[in-house]
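One structure is given below, encoded as structure tokens.
The values are calculated or read from the model by the stated rules, or taken from the named source; none is laboratory data. Computed from a predicted model, the values in this text were never measured in an experiment. Here the Cβ positions follow ideal geometry from the backbone for every residue, glycine too, while neighbour counts run over all protein chains shown.
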Amino acid sequence: MNHLTENELRELIEIVVHSHGSYLSEEAFNDAVLMLFEDIAGMESCLLHHHYLGPLWDLYHDRRKQID
């Protein structure tokens, strides 16, 4: 099972922002993250997908608030 560092989580956020933008709904964001996990070796079958969705959404949402 893979565990992601804070830096790795932030890098994932930047990838999502670059490919999907800064104003996704939470549902669209979760879909984008899950698709991204499918493209990362070792993460496609990771049982922690849903463990990461909440913290990633918080980072994404906080980043979005800084832009506004």
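Among the residues of segment 39-53 satisfying the criterion of being modelled with pLDDT of 80 or more and surrounded by 11 or more Cβ atoms within 10 Å (Cβ to Cβ), which is farthest from Leu12 (Cα to Cα)?
Across segment 39-53, the extreme among qualifying residues is His51.
Note on segment 15-31: residues that are under 15 Å from Asp58 (Cβ atoms) and assigned to a helix (DSSP H, G or I) amount to 5.
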